[in-house]
Every structure is written in C-alpha cells, then in structure tokens.
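Notes follow the structure.
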Amino acid sequence: MKSVYLFLLALCFPILSIAQEAKGTVKNDGPIISVSDTISLGEIFVNDLTDEHGRIQVKVSNKGNRPLILKNVSGCCGTNIKSWPKAPILPGKDAQIYVEFRTEPRPQKISRTITVESNANNNKMVKVAITGVVIEKRGSNEISL
C-alpha cells in the first residue's frame, strides 16, 4: 500500500512543479509602459514663481516589443492635459505628455495627479503624482519651526 502512495506522489510532484512555474512566469510579449510614478517640483519661492512652474512634461517610454497605445490621459483638480501622443509609441521609443496647472503666488503645497490609460501588459492604468511646495523666502536671521 505504501508503494502505491509513493507512486502517486512521485507522479503528482512533477505536475505540481510545472503548474507552479507556469503560474509564476510573467508574459513580456507586448507593450510595457515606463513612466515616473512621482514628479517632484521641489521648493519654489513665492517671488520666483512663474507660469513655467505650472507647465511640465511627463516622459512615457515603451520598454516592450509591441507598440504602446495611450487610450486616455486625464488630470485631476484643475490639471489640464494640453497634449499627449495619439499615435502608437513604438518599442524602445519615448513620447511626452504636456501638462499645465495653475499655482497661486502664495505659500502652498502642490499636489496633482495625472492618470494614463494604455494597452500596456504591465499596467493598464498608471497614476503619476506631481508634488512640490511654494514657500516664502526667509531672511538671513529668520528660522522656521
């Protein structure tokens, strides 16, 4: 009886290991989107703030082996997507998404998000955070807490 159990175990073990290998593999055949998950604008002084600080470009790369198609690009809370590539991004190529938003000339946190929907195998929907802070310039004898 033990030999029957050992035989069945020996027969099932290779099947289980093959199933686990197939489950763990990732299919890389297709478009792969590569984009920064956060764009940091850093600290901007109120007196140095210009309209250019609200105009940024987001670089999108296709690291896959098939064309990457951006289906939709949207922004939140007053973030305007000025343009984004409508044509497929070929393998190994880059494209730019042009984003604009308004920042008031007063101390504030900048926190915006854009969402990119595509046909990518690795991530169909990617969110890119845009962060920064507008601060007052301090005098040489001032400290902040």
Between ASP48 and LEU90, what is the FRET efficiency for a Förster distance of 41 Å, r being their Cβ-Cβ separation, to the nearest 0.05?
0.60
Taking 26 Å as the cut-off for C-alpha to C-alpha distance, list the pairs among LYS86/LYS109; LYS86/LYS127; LYS82/LYS127; LYS71/LYS109 that go past it.
LYS86/LYS109; LYS71/LYS109
Compactness of segment 33-135 as Cα Rg over 2.2 N^0.38 Å, two decimals:
1.14
Can you compute the modelled spin-label distance between THR131 and SER74, with each label point 7 Å from Cα toward Cβ, in nm?
2.4 nm
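Between ASP29 and SER111, what FRET efficiency follows from the Cβ-Cβ distance if R0 is 30 Å, with the result rounded to 0.05?
0.25
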Segment 33-135, relative contact order [Cα under 8 Å, separation at least 6], %
38 percent
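Rule-based calculations on the coordinates, nothing more; no lab input. Computed from a predicted structure; not experimentally measured. Cβ coordinates were reconstructed from backbone atoms using ideal geometry, including for glycine residues, and neighbour counts include every protein chain displayed.
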